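Below: the structure, in structure tokens.
The values are calculated or read from the model by the stated rules, or taken from the named source; none is laboratory data. On a predicted model such as this, the values are computed, not experimentally measured, just so you know. We work out accessible area using only protein heavy atoms, side chains counted, and drop any ligands, DNA or RNA first. Shrake-Rupley method; radii C 1.70, N 1.55, O 1.52, S 1.80 Å.
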Amino acid sequence: MGFRLLLLFSFLFFFFPYFSTQSSTLRKIRASVIRLPNGDSYGHPFDPTRVTQISWHPRAFLYRNFLTDAECDHLIQLAKDKLEKSMVADNESGKSIESEVRTSSGMFLNKAQDEVIAGIESRIAVWTFLPVENGESMQILHYEHGQKYEPHWDYFHDKANQALGGHRIATVLMYLSNVQKGGETVFPESEIKESQPKADEDWSECAKKGYAVKPKKGDALLFFSLHPNATTDVLSLHGSCPVIEGEKWSATKWIHVRNFDRSETTTSDDCKDENPNCPAWAATGECKKNPVYMVGSADGAGYCRKSCKVC
């Protein structure tokens, strides 16, 4: 009997540290996962252990599997029959214009349009430490063979677009599909572009001109267009390389330094425009192309109701 007790104590002595370490590790893993409230349930968890800092100049971070496959497919399904030619903001006037610089097609979703979108927006807010109300509506983009977006900055060069929410401080780019070849996001001015090995033939020639990120379904890229002191970061210049094989789907969330939603003092009965560019946008057909922003939805009034002649 005494021998058996001695054997039991010896077993506990030698193996207890192992069980203790395993339990501690599990606690750390659970502690690293942040569950986000989404109505009465919980959304997809935010896990900071999946985030990798890929550059400090510009500040850029890659989150592996930020979206589930089901979330990616859901966003594509919402967008695919509502796509329009993508536009760019004119550097002088701030007006939306067509340009060969950007050849994709896209559309905007409503904020918190459904539980899936609300959950993604909450997750973005936790990751970026920027409030949901500072974000624009999510834009879904589709790139077919040869389509691209030449290198550009996400911060504004005109005063008109800065009037609502100020500069775009950050961008979260979510990849909704895999791309067989091409379609990389490239930072031509990144300070570490020369240190990234690109002997692999899978990199496109466009991607070899800077630090590049390959699109992988579910991954998300966060980069900042402003320095911590709020000055613009010219190194945040970025582009979408041409798709060589396959197609590319992505979702973009632009985030501003201030609240991008309508002013709380403005009521839905006020018949006025919230952006000085509204008359020009309405003249180019934006009331029909982008009705959620221009006219509004069941969730709230739009920003250009007067120019769209709906009040």
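Rolling a 1.4 angstrom probe over the protein chains, ignoring ligands and nucleic acids, what is the accessible area of H74 in square angstrom, nearest 10?
Looks like 60 Å² after rounding.
Ignoring ligands, DNA and RNA, please state the percent of accessible area on the stretch 152-311 from carbon and sulfur, probe 1.4 Å.
51 percent
For the stretch 146-211, state what percent of all Cα-Cα pairs lands in each successive 5 Å bin, counting from 0 Å until the bin that includes the largest distance.
Binned Cα distances yield the sequence 3, 13, 19, 19, 19, 12, 8, 4, 2, 0.
Quick one: order K148, K82, K309 from most to least accessible surface, probe 1.4 Å.
K309, K82, K148
Would you grab the residues whose amide H sits under 5 Å from the one on V243? Only those 5+ places off in sequence or on another chain, please, with H modelled 1.01 Å from N.
Here G146, Q147, G183 satisfy the definition.
Could you sort D233, D200, D261 by accessible area so the largest value comes first, with the probe set to 1.4 Å?
D200, D261, D233
Report, in listed order, any pair from K85/K248; K248/K306; K80/K272; K208/K289 with a Cα-Cα distance greater than 26 Å.
Beyond 26 Å between Cα atoms: K248/K306; K80/K272; K208/K289.
From the phi angles alone, apply the Karplus equation (6.51, -1.76, 1.60; θ = phi - 60°) to the stretch 275-290 and give each ³J(HN,Hα) in whole Hz, x where the residue is Gly or Pro.
Residue by residue, the stretch 275-290 yields 9, x, 7, 3, x, 5, 4, 4, 5, 9, x, 5, 4, 8, 6, 9 Hz.
Averaged across orientations, what area in nm² does the convex hull of the alpha carbons in the stretch 180-253 project?
Mean projected area of the Cα convex hull: 5.5 nm².
Determine ³J(HN,Hα), in whole Hz, for all residues of the stretch 186-194 in sequence, where each value follows from phi through the Karplus function 6.51 cos²θ - 1.76 cosθ + 1.60 and θ = phi - 60°; x replaces Gly and Pro.
Residue by residue, the stretch 186-194 yields 10, 10, x, 9, 4, 5, 10, 4, 6 Hz.
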